[in-house]
Amino acid sequence: MVTRSSLVWVMTGIAAGIAGGWLWNRERGIDVEPPTPTERRNAPIRSPFTSQHEERGPSYLSASRANREKTTERSSEFSHRLSLYDEAGHADRGRLDSMLADARGLANPRERRSSLEILLLRYAELDLEGALGQAVNNDRETNTYLLGALTAVAPEATWERALQATNAAERFAYLSAVVATWAADDPEHAFSKVAALPAEWQRSELMQAVISEIANRDPRLAIRLAQSEGQVESAPLVDLIATQWSRQNPSDAARWVEGLPRADQGRLAYRIANAYVAQKPGEALAWALRLSGSPRRYLWSAMLGEMAQYDPDQALALAQTAESPAQRAQAMGKVLAAIAQTNPDRAMSQLSKMPPGEARWEVLDAVASSVATLTPGTALDWLNGIDDKAMQREATRFLGAALAQRNVEAAADMVDRVPKEGRPNWITTVALAYANVDIERGQQWVRRYGSEGTDTAFQFARIVASRNPEMAVQLVSGVTDDGERDRLLRGMLQPLAEHSPALAARWAEKVTDEDTRTRMIGEVANTWARYDSAGARKWILSLSDSPAKDQALTALVARSGESLDDMLPIINEIRTPERRSHVVLMAAMRLAQNDEESARTLLRRYPLDAARQRQFDDYMQQQQRRNKGQ
């Protein structure tokens with residue numbers, strides 16, 4: 001219940017604070033206004049540890065005059081609010097209704113909201129429900145502001161009124177305002193209200209809002225409340241708390257993380273790492289070394305990469321003193337990737353000092369991925385400026401992959417300007433990127449450059465078929481060149497068989513190259529038999545006698561049942577003696593695992609040559625030794 005004494009206390013406190021601040025400022029005679037956000041953005045960046053006193057020219061007089069004018073405005077506003085407080089404190093409901101109507105007509109939004117706030121706090125003392133009704137009788141922004149203000153004196157009732165909003169966006173805005181105020185005064189109660197909401201998107205976002213408000217004041221309480229909701233829901237909330245905590249007190253946040261089980265440390269350590277190293281680099285890096293379990297010291301290296309953005313020399317020096325080669329390579333990759341953002345040439349100069357080997361290629365990959373985020377022209381200049389041909393070739397591969405994933409059109413436009421040694425790989429990389437974003441453009445690319453790339457058509461078709469089988473069929477249907485179609489089919493048939501084995505089988509039979517057709521029919525048969533042995537068998541037996549059919553029958557035997565009766569009819573269809581002998585050995589070994597007599601029966605039906613018979617006998621002896629060992 002809102003009492004008159006509590007309301008008077010709130011209003012008097014606010015008025016006294018405003019009056020005191022006004023009087024204090026009047027006595028101090030401030031000469032210069034604080035900079036505006038625009039002025040702060042345009043001002044030169046200075047170290048926080050450098051004195052920022054400046055010579056003041058004659059213009060300070062005009063600034064002082066402008067400041068006095070603004071002080072006069074504030075004085076007038078203060079007088080108005082003080083008068084409104086006094087009048088509202090003696091007004092009845094009728095008078096308040098009239099004053100509210102007048103306040104809604106004020107042109108200045110800030111003055112209108114502040115006036116409505118004063119009047120509704122008085123209204124709430126006389127009629128809380130009426131005040132809540134008046135609070136939502138304005139535009140959404142004003143309603144949100146007023147509900148937040150009324151939460152300070154009647155949180156439960158204000159929450160319930162906010163819940164009554166029928167528009168989802170309005171309801172979310174109102175509840176967010178209530179939560180922001182309520183969490184400051186009674187965090188546990190505010191959290192419990194949000195937690196009791198139905199499980200939907202608004203609850204999830206409000207949980208983040210209330211936890212964020214609580215974490216600003218008491219991170220440990222916020223963590224305890226978040227963890228009360230169970231692991232699945234609490235994990236992202238705890239991540240949020242850790243991030244906020246690191247901004248305010250990274251040392252405390254780091255000690256909390258260090259006290260957690262190792263399984264939880266990894267995820268949360270990265271949440272506070274960047275803010276920690278930015279504020280207390282020495283302490284933060286020592287902490288990272290204590291937590292890092294891998295020889296590569298991933299956490300420590302990542303923090304060095306962050307440090308390199310504002311202190312590259314120190315970060316580079318620390319990376320070069322890493323204890324182990326693996327740790328040094330990881331750290332150098334992070335640091336040089338950060339340096340490459342502003343000085344790619346310096347990054348390459350440092351990289352060239354590393355000894356040749358896999359570690360140097362790993363660091364080059366990191367640098368190339370960083371350069372790929374710059375303008376295409378800058379990336380190309382960096383690439384063509386590498387003198388070492390082996391390093392340039394690898395850099396082309398890494399840069400092409402990174403750039404194509406970020407901006408495939410830019411990567412495509414650069415194909416004629418990349419070093420010729422890296423061109424084939426670049427062409428394939430662009431094709432694979434197109435397969436994910438624009439299949440039609442990718443097809444055009446493959447037709448134009450595919451013959452120059454590294455198995456470009458095969459890899460492009462495989463990705464398209466695995467993501468969009470129907471589009472893959474359209475892709476190959478319009479191709480008239482037998483060689484191009486065979487290359488596309490070689491890539492698409494296996495993933496197409498996962499989607500529609502019968503369709504893949506029909507296309508496999510259309511492959512013109514005999515060796516490729518034999519291999520493709522075998523692959524489709526193997527995939528089809530894995531899911532539908534009867535369907536695969538019917539198709540395979542319908543094929544004309546050929547090496548392709550024998551290849552498919554081999555795959556079918558491997559996928560058939562465990563009995564001799566299942567295998568014999570299939571083996572009987574194999575026409576090539578060498579192929580049949582191979583399949584008989586394979587089937588006999590399989591049968592012998594559970595039924596040695598069936599295996600012997602098969603071998604009497606189809607005797608093996610001497611070499612294969614010895615292979616089978618050796619296998620049986622191994623089986624016997626294993627059985628005795630059990």
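The values are calculated or read from the model by the stated rules, or taken from the named source; none is laboratory data. Quick caveat: nothing in here was measured; it's all calculated off a predicted structure. Cβ atoms come from the backbone with ideal geometry, glycine included; neighbour counts cover every protein chain shown. Just so you know, the surface numbers come from the protein's heavy atoms only, side chains and all, with ligands and any DNA or RNA stripped out. Shrake-Rupley method; radii C 1.70, N 1.55, O 1.52, S 1.80 Å.
Points worth noting:
- Long-range neighbours under 9 Å by Cβ, at least six apart or interchain, first residue on the phi > 0 side of the Ramachandran plot within the range 253-265, second assigned to a loop (DSSP other than H, G, I, E, B): none
- Residue count, the range 193-213 (criterion: under 15 Å from residue 236 (Cβ atoms) and assigned to a helix (DSSP H, G or I)): 13
- Count - residues of the range 504-518 that are open to solvent by less than 40 Å² (accessible area, probe 1.4 Å) and not polar (S, T, N, Q): 5
- The condition of being closer than 20 Å to residue 190 by Cα and either open to solvent by 60 Å² or more (accessible area, probe 1.4 Å) or among the small types (Gly, Ala, Ser) (or both) holds for only one of 156, 141, 111, 129, that being 156.
- Among residues of the range 165-192, those that are in a loop (DSSP other than H, G, I, E, B) and within 20 Å of residue 141 (Cα to Cα), counted: 3
- When the range 482-497 is limited to residues that are out of contact with any Lys or Arg (no Cβ under 9 Å at 6 or more places or on another chain) and open to solvent by 40 Å² or more (accessible area, probe 1.4 Å), the one that is farthest from residue 450 (Cα to Cα) turns out to be 482.
- So residue 203, is it more than 23 Å from residue 123 (Cα to Cα) and not hydrophobic (A, V, I, L, M, F, W, C): yes
- Of everything in the range 384-408 that is touching a Lys or Arg at 6+ places or on another chain (Cβ under 9 Å) and buried (at least 22 other Cβ atoms within 10 Å of the Cβ), the residue that is farthest from residue 330 (Cα to Cα) is 408.
- Enumeration of residues in the range 458-479 that are crowded, with 17+ Cβ neighbours inside 10 Å and basic (Lys, Arg): 462
- Any pair with Cβ under 6 angstrom, 6 or more apart, that starts in the range 168-180 at a residue that is more than 16 Å from residue 213 (Cα to Cα) and ends at one that is open to solvent by 20 Å² or more (accessible area, probe 1.4 Å) and modelled with pLDDT under 95: 170/140
- Residue within the range 254-275 that is of a type in the set (Val, Ile, Thr) and either over 18 Å from residue 298 (Cβ atoms) or not in a helix (DSSP H, G or I) (or both) present: no
- Residue in the range 301-319 that is least open to solvent (accessible area, probe 1.4 Å), counting only those that are in contact (Cβ under 8 Å) with a residue 24 or more places away in the chain and of a type in the set (Asp, Glu): 306
- Check on residue 294, more than 21 Å from residue 254 (Cα to Cα), surrounded by fewer than 21 Cβ atoms within 10 Å (Cβ to Cβ) and modelled with pLDDT under 95: no
Rundown of residues vs (1) open to solvent by 70 Å² or more (accessible area, probe 1.4 Å); (2) among the polar types (S, T, N, Q), yes/no style:
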site: 279; (1), (2): yes, yes
site: 290; (1), (2): yes, no
site: 299; (1), (2): no, no
site: 321; (1), (2): yes, yes
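- Exclusive hit being of a type in the set (A, V, I, L, M) and open to solvent by 60 Å² or more (accessible area, probe 1.4 Å), set 199, 222, 184: 199
- Any chance residue 521 is of a type outside the set (Phe, Trp, Tyr), under 30 Å from residue 587 (Cβ atoms) and either open to solvent by less than 70 Å² (accessible area, probe 1.4 Å) or part of a helix (DSSP H, G or I) (or both): yes
- Filter pass, residue 110 being closer than 25 Å to residue 149 by Cβ, part of a helix (DSSP H, G or I) and either touching a Lys or Arg at 6+ places or on another chain (Cβ under 6 Å) or at pLDDT below 75 (or both): no
- Within the set 523, 578, 597, the sole residue that is out of contact with any Ser or Thr (no Cβ under 6 Å at 6 or more places or on another chain) and more than 29 Å from residue 490 (Cβ to Cβ) turns out to be 597.
- Of the set (1) under 20 Å from residue 303 (Cα atoms); (2) open to solvent by 20 Å² or more (accessible area, probe 1.4 Å); (3) not basic (Lys, Arg), all apply to residue 367 but (2).
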